[in-house]
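Structure first, commentary second.
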Amino acid sequence: MTAQTTSRTFNIDTVANAEATPGQALPWAELGLKENEYRRVEEILGRRPTAAELAMYSVMWSEHCSYKSSKVHLRQFGEKVTEAMKEHLLVGIGENAGVVDIGDGWAVTFKVESHNHPSFVEPYQGAATGVGGIVRDIISMGARPVAVMDPLRFGAIDHPDTARLVHGIVAGIGGYGNSLGLPNIGGEVVFDAVYQGNPLVNALAVGVLRHEDIRLANASGAGNRVVLFGARTGGDGIGGASVLASESFDSSKPSKRPAVQVGDPFAEKVLIECCLELFKASVVEGIQDLGAAGISCATSELASNGDGGMHVELTNVLLRDPSLTPGEILMSESQERMMAVVTPENVAAFEAIMDTWAVEYSWLGEVTDTGRLIIEWDGEKIVDVDPRIVAHEGPVYERPYHRPVWLDGVQADAFTASPAAERPADLREAVLDLMASPNMCAKNWVTDQFDRYVQGNTALAMPDDAGVVRVDEETGLGIAISTDANGRYSYLNPYEGARLALAEAYRNVATSGAEPLAVTDCLNFGSPEDPEVMWQFAETVRGLADACQELGVPVTGGNVSLYNQTGGVAIHPTPVVGVLGVFDDVARRTPSGWREDGQAIYLLGT
Amino acid sequence: MPRIVVDVMPKPEILDPQGKAIAGALPRIGLTGFAGVRQGKRFELTVDGDVTEEILEQARHAATTLLSNPVIEDVTRVEVIEEDGQ
Amino acid sequence: MPRIVVDVMPKPEILDPQGKAIAGALPRIGLTGFAGVRQGKRFELTVDGDVTEEILEQARHAATTLLSNPVIEDVTRVEVIEEDGQ
Amino acid sequence: MGGPQPATAGADRALDGVRVGVVTFPGSLDDRDAVRAVRLAGGSAVQLWHGDHDLQGVDAVIIPGGFSYGDYLRAGAISRFAPLMEQITAAASGGANALPVLGICNGFQVLTEAHLLPGSMIKNNSLHFICRDQRLRVENAGTFWTADYADGEEIVVPLKNQDGQFVADNRTLDELEGEGRVVFRYVDGNPNGSRRDIAGISNIAGNVVGLMPHPEHAVEAGFGPDSSARGDVGVRGGTDGLGIFTSVLKKLVG
Ligand SMILES: Nc1ncnc2c1ncn2[C@@H]1O[C@H](COP(=O)(O)OP(=O)(O)O)[C@@H](O)[C@H]1O
């Protein structure tokens, strides 16, 4: 199955055109760029950007892709790492996901990511594609995904909109994860009114690989071919960017651009198997999944992590919607796609594997030694950029922050300080209330909708505090993972809240019997433009980085999700922390709970 | 009993994985005459007595609130059908 | 492009859990005019050129072999529709 | 596909000679688990590809669970047209020497779509995906796949699906009951609305068996259900499903 290309003639905005029409107005503000950012683009290019370049810069320099507000703080995760902590790290922060050595030649890669906003708009598909995205991150490291987890936060359980979100999100996570054959080995369900208009859907995936199978997202070796494979490119996720339709000057009205993405778990399952075959046959040099910012991100990251440049013919992209303009194709977030770099000798072998799995692919171009990312449309140059600047040298902000003025009042309002603490009758009521809280009750109404058995390696899952899966069937070598966060603690004291989240996840892994090795995190916060939120964020990162150093476990990767707020009111700062541990033999795992009569009970710790 | 039919189809611009899977299977069983397939839903609501304008209005309301998800689907028809008719 | 519509409904004697759930939900949103609901499927097969008798025959074949399972479902319609028509 | 397959310690040489094919379709999920179950039972597993035309001379076939082709249309609807299914259908209907075939979950759905077994599966009456440890009664220990159990014996194996409600018309149901072709029945509560609590059935000859629950996930202590019908076994100790796989191996070595 080869690509039949769609060659359409737009009156496209070429580099030559941009040079000739310096005064042409572009919708940079609508695309989310700030004026200073747009001016910087002009300065870097020495001319105005083309419509396609504008599309690329706007998505790559968005908060989501560039970490422009969080970068200055996240550095601490690297700075506070000691040599000893790096002992088990094969790949650290910066790649799609970190890779941890677990011995015997085995390695593990894991990461947690958010899909909060899409899940509020369309709960089922938003949650489903959240799982799909994190799983592709894991595949692109060269690993076979072996399990997923899903830390969730919802609004008040009795709010009229909560049922829509809970049932849609839980069904979406199950619908996608179950269809991929990935056991769901744990997660969280928390209800709190602060998440009403902004539920948190974080998804964690973990994969295993042999050391020699690690793949990185880089495009090296001039002459190597660049291929896009998997689903076709549609207008998914570029609803808000329809301003770019103005780049097409043909008379036909552009069709609607869906802001929501619909997942196709079957396509992703086939993609997983197909990629694993590619890895086994050693036919890809570099590989990258397509997520946010789609082809813009994949081409610029692959090129910038490589040693040269890249040349791409965009009309070769297989489209689901033939009316897409070049800029839209570059921004599209269609799911279930991957991009790879293949040497010319391996092209035939690559195509044979695609054909076995009936996966569509198209050769887009090749790696060059120019140091430039050149994208053409029907032979006309529409993008000519330095990929490093697009991918890695976006704006960085030192956002102002200060301790919230309300915090002292909130901290003083403690239960122990209230007269209620002295009245046993009320205390009893408080305990009963706690036990009846939806946050404390059994979660099997959720977990029974997830497959925990598939792959046959699940040694612990719900209701245990950590999920445990076997990696090596012969030796019993395996891993444990737990994710934890407490938004209320973090609201009261973000520094301590982050430390406590790490400590809880660490304890859960340790009590299962595993040795904690590494950390991933998903930092869910309100707007970074609010100095009080920014302070919460800064304190959280400081707390987590300090606690990691004290416990001797490095952060290997994660995700920052900002702007989680409704009507100016931010969610509680919610740093979801995942800890990975290793077992020499999962037969030694210890389940939670008491299982036999007559056993003695001890309380350890302070 | 009279029935009201409600047809719901995935929006044209939205990916339809079900239709895609079928479109892929048709040629494998020798049916090569089709360029694409979309799979939607068809609901039949039975009415106990006559289909009044009020009941038809209820059906329209059900179609857009309960029977379809306006984010990804379109209601393409709400119509009374005769017995055994289409 | 012309389309062929294939409607598939659960057989009347087969319990339809989705239809039942909808029938239960309608009164809860105040829609009490309906005696029952059945949920079926609607397929739209697009044809590249003209709909010949041969292609229509392919659609009928697809309807009974792939698109429906005769144990639980009936094909209630295989029909060409005009653009934007029903 | 598939990892290394070390011989099971103390494997019975004779059983080792039995070759059980496990079919992989695009979207199959529990294929590697079925391979493991065959190996743990002492047999040799052979991986089969849906698009091939060759059964590689296997002695029995397992169609595993999963969501073949996404199960978007109807579970099993597209898979049944796979080239290999033609070979399986022909071999399974071959009279006295008919090929033993087991369909688990999606595999059961494929077998009904291929008309090797009657009836069909519709959505669970809860409309949800259900994953739980399920107690079953073996109603017929006379089939190729249940000979290691006793009639009426109870077992606990995981159930996990969303289209698991078995339906057929009353005549077919009466026939199945009358001919002893109800092989497994749900006990302690019907999880999905299946007619007459039916969890699994066979063809007349007893070589073709389909069931919704997953015996391949109850074959290894430490990775199965928390309980067993044979007594309390502790955390994930349940291995009640192993008998399905040993049954066919022993039957085939005679
Ligand atoms: N959204 C979810 N997805 C998967 N597993 C979950 C989810 N929520 C809770 N669980 C699992 O259910 C069990 C009980 O959860 P919970 O009551 O939150 O436990 P605890 O209070 O001990 O942290 C745990 O094994 C947890 O991993």
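The values are calculated or read from the model by the stated rules, or taken from the named source; none is laboratory data. Everything numeric in this text was worked out from a predicted model, so none of it was measured. Backbone-built Cβ (ideal geometry, glycine too); neighbour counts: all protein chains shown. Heads up: the accessible areas ignore ligands, DNA and RNA and are worked out on the full protein's heavy atoms, side chains in. Shrake-Rupley method; radii C 1.70, N 1.55, O 1.52, S 1.80 Å.
A few comments on the model shown:
- Residue match in region D:47-67 (condition: away from chain A (no Cβ under 13 Å), open to solvent by less than 50 Å² (accessible area, probe 1.4 Å) and outside any strand (DSSP E or B)): yes
- Candidates A:ASN486, A:ASN444 - the one that is within 12 Å of the ligand (Cβ to nearest atom) and either modelled with pLDDT under 95 or among the basic types (Lys, Arg) (or both): A:ASN444
- Helices (runs of 4 or more DSSP H) contained entirely in region A:229-342, each with at least 3 residues that are modelled with pLDDT of 95 or more: A:265-280
- Across region A:450-473, the number of residues qualifying as assigned to a loop (DSSP other than H, G, I, E, B), hydrophobic (A, V, I, L, M, F, W, C), facing chain D (nearest Cβ under 7 Å) and more than 9 Å from the ligand (Cβ to nearest atom) comes to 1.
- Region A:115-136, residues that are open to solvent by 10 Å² or more (accessible area, probe 1.4 Å), away from chain B (no Cβ under 14 Å) and away from the ligand (no atom under 16 Å from the Cβ): A:GLY133
- The set of residues in region A:55-105 that are assigned to a loop (DSSP other than H, G, I, E, B), among the hydrophobic types (A, V, I, L, M, F, W, C) and more than 18 Å from the chain's Cα centre (by Cα) contains only A:VAL81.
- Output for region D:213-254, where each listed residue is within 14 Å of another protein chain (Cβ to nearest Cβ) and not in a loop (DSSP other than H, G, I, E, B): D:PRO215, D:GLU216, D:HIS217, D:SER227, D:ASP232, D:LEU242, D:PHE245
- Residues that are closer than 30 Å to A:ASN184 by Cβ, more than 16 Å from the chain's Cα centre (by Cα) and away from every other protein chain (no Cβ under 13 Å) within region D:114-156 comprise just one, D:GLU154.
- Taken over region A:149-183, the criterion of being more than 12 Å from the ligand (Cβ to nearest atom), touching a helix residue (DSSP H, G or I) at 6+ places or on another chain (Cβ under 6 Å), open to solvent by less than 10 Å² (accessible area, probe 1.4 Å) and more than 13 Å from chain D (Cβ to nearest Cβ) is satisfied by A:GLY155, A:LEU165.
- Restricting attention to region C:43-78, the residues being more than 7 Å from chain B (Cβ to nearest Cβ), open to solvent by 20 Å² or more (accessible area, probe 1.4 Å), modelled with pLDDT of 95 or more and not in a helix (DSSP H, G or I) number 5.
- Given (1) among the hydrophobic types (A, V, I, L, M, F, W, C); (2) within 13 Å of the chain's Cα centre (by Cα); (3) within 16 Å of the ligand (Cβ to nearest atom), index of the condition A:VAL146 fails: (2)
- A:ASP530 being over 24 Å from A:GLY105 (Cα atoms) and in contact with a Gly (Cβ under 9 Å, 6 or more places away or on another chain): yes
- The sole residue among A:VAL541, A:VAL454 that is under 22 Å from the mean Cα position of the chain (by Cα) and buried (at least 24 other Cβ atoms within 10 Å of the Cβ) is A:VAL541.
- Scanning region A:88-114 for residues that are farther than 15 Å from A:PRO554 by Cβ and open to solvent by 40 Å² or more (accessible area, probe 1.4 Å) returns A:ASP104, A:TRP106, A:GLU113.
- Matching residues, region A:188-215, being open to solvent by less than 40 Å² (accessible area, probe 1.4 Å) and among the acidic types (Asp, Glu): A:GLU188, A:ASP192
- Figure legend. Inter-residue proximity from region A:333-352: first residues within 14 Å of chain B (Cβ to nearest Cβ), second residues surrounded by 15 or more Cβ atoms within 10 Å (Cβ to Cβ) and among the hydroxyl-bearing types (Ser, Thr, Tyr), beta-carbon distance below 6 Å, spacing 6+ or different chains. Indicated pairs: A:SER334/A:THR233; A:GLN335/A:THR129.
- Looking across region A:431-441, just one residue is small (Gly, Ala, Ser) and either closer than 25 Å to A:ASN178 by Cβ or within 11 Å of the ligand (Cβ to nearest atom) (or both), and that is A:SER437.
- Flag for D:GLY210 being modelled with pLDDT of 95 or more, more than 11 Å from every other protein chain (Cβ to nearest Cβ) and surrounded by fewer than 16 Cβ atoms within 10 Å (Cβ to Cβ): no
- Checking every residue in region D:82-92 against the condition of being buried (at least 24 other Cβ atoms within 10 Å of the Cβ) and either among the β-branched types (Val, Ile, Thr) or under 16 Å from the mean Cα position of the chain (by Cα) (or both) gives at least one match.
- Options C:GLY19, C:GLY40, C:GLY36; residue that is at the interface with another protein chain (Cβ under 7 Å from one of its Cβ atoms) and under 14 Å from the mean Cα position of the chain (by Cα): C:GLY40
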